[in-house]
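Below: the structure, in structure tokens.
The values are calculated or read from the model by the stated rules, or taken from the named source; none is laboratory data. Just so it is clear, the model here is predicted, and its values are computed rather than measured. Cβ sites come from the backbone with ideal geometry, for glycine too, and all protein chains shown count toward neighbours. The accessibility values were calculated without ligands, DNA or RNA, using every heavy atom of the protein model including side chains. Shrake-Rupley method; radii C 1.70, N 1.55, O 1.52, S 1.80 Å.
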Amino acid sequence: MRSLAEWVLGNGITVLGQQISWAELVGQLCALAVVFLAQRRTLATWPVQVSATVLLFAVYASAHLGGLAIRQVMILVISIYGWWAWSRRSDPVYGVAVRRARPQERLVLLAALVVGTAAFALLLTVLDASWAPWPDSWIFVGTLVAFWAQGRGLVEFWLVWLAVDAVGVPLQLASGLWFSAAIYVVFAALVIHGWWSWNRTARVQRARQATPVGG
């Protein structure tokens, strides 16, 4: 009797001659829902992300994309942090409090992307854990940086997601995960809208904080 993991990976639907496993389909739909929820700054973002993480770990591990698979484990950890952080910074009117990153924080984000990508790509190469270590590493590190910044309520996390999508689409296509590649394209459009929405909210929240009580 096959395990549940084998079933969700080995069964699914066929669209235009392409097989989409249940794990990939449901996992990517959950990941897509996370973007909608993040735009609205709701705590439901994080439990849905956990569901996506479990399913996509199985998908990427079976596709021999070590970086993307290990990424799901790290996302799970960061999701727990994000859930806790957002619950502490909620706003009664505009949801989770968000803001633009300070110059020092932007430098930290950039350094983490560059140094982290180089280090993890070398690790993947040594372990022979991925057939595309550099793009795999960029997506891995970029995702962690984006989720960390999202948990901190930094508007710039949307820009990091755009950088991840730019590499993720061709990598998914090359791996034969065309449905996941299509989801990444949809992500890009939603990310642009999310960037605009969080910027607007950050300006409003900053103005409210600057207004004296009773003013």
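For the chain, just run the numbers: alpha carbon Rg, then divide by 2.2 N^0.38 Å, N being how many residues it has.
Dividing the Cα radius of gyration by 2.2 N^0.38 Å gives 1.07.
Quick check: with the 1.4 Å probe, what order do Arg40, Arg71, Arg200 take by accessible area, largest first?
The residues order as Arg40, Arg200, Arg71, largest area first.
Hey, for a label at Ala189 modelled as a point 7 Å past Cα toward Cβ, could you say which residues of segment 17-40 have their backbone N under 14 Å away?
36
Could you state the angle between the C-alpha long axis of helix 66-88 and the longest principal axis of the C-alpha atoms of the chain, as a value from 0 to 90 degrees rounded to the nearest 10?
30
Taking amide hydrogens as modeled 1.01 Å from N in the peptide plane, which residues meet the under 5 Å criterion relative to Val96, leaving out close sequence neighbours?
Those lying under 5 Å, H to H, from Val96 are Asp91.
With every protein chain kept in place and ligands, DNA and RNA left out, what is the accessible area per residue of the chain? Probe 1.4 Å, answer in Å².
50
Against the longest alpha carbon principal axis of the chain, how many degrees, from 0 to 90 and to the nearest 10, is the axis of helix 133-151 turned?
The two axes meet at around 30 degrees.
For the chain, modelled as a GNM with alpha-carbon contacts under 10 angstrom, which of Pro135, Pro47, Pro103 fluctuates the most?
Checking each option, the largest mean-square fluctuation is seen for Pro103.
Relative to the compact globular guide of 2.2 N^0.38 Å, what is the alpha carbon radius of gyration of segment 43-145, as a ratio?
Normalised Rg, Cα atoms only: 1.23.
How large is log10 I(q)/I(0) at q = 0.16, 0.31 Å⁻¹ when the Debye formula is applied to the Cα atoms of segment 39-80, each weighted equally and without solvent?
-0.41, -0.99
Tell me the accessible surface of Leu29 in square angstrom (1.4 angstrom probe, heavy atoms of protein chains only), to the nearest ten.
Taking all protein chains as shown, Leu29 has close to 90 Å².
Counting helices only, and only those DSSP H runs with n ≥ 4, report the 222 nm mean residue ellipticity of the chain as the sum of -39,500 (n - 2.57) divided by its residues, in deg cm²/dmol to the nearest 500.
-26000 deg cm²/dmol
Could you tell me what percent of the accessible area of segment 99-215 is made up of carbon and sulfur, with a 1.4 Å probe and every protein chain present?
Whole-percent figure for carbon plus sulfur exposure: 73.
Considering only protein heavy atoms, what is the solvent-accessible area of Val48 at a probe of 1.4 Å, reported in Å² to the nearest 10?
40
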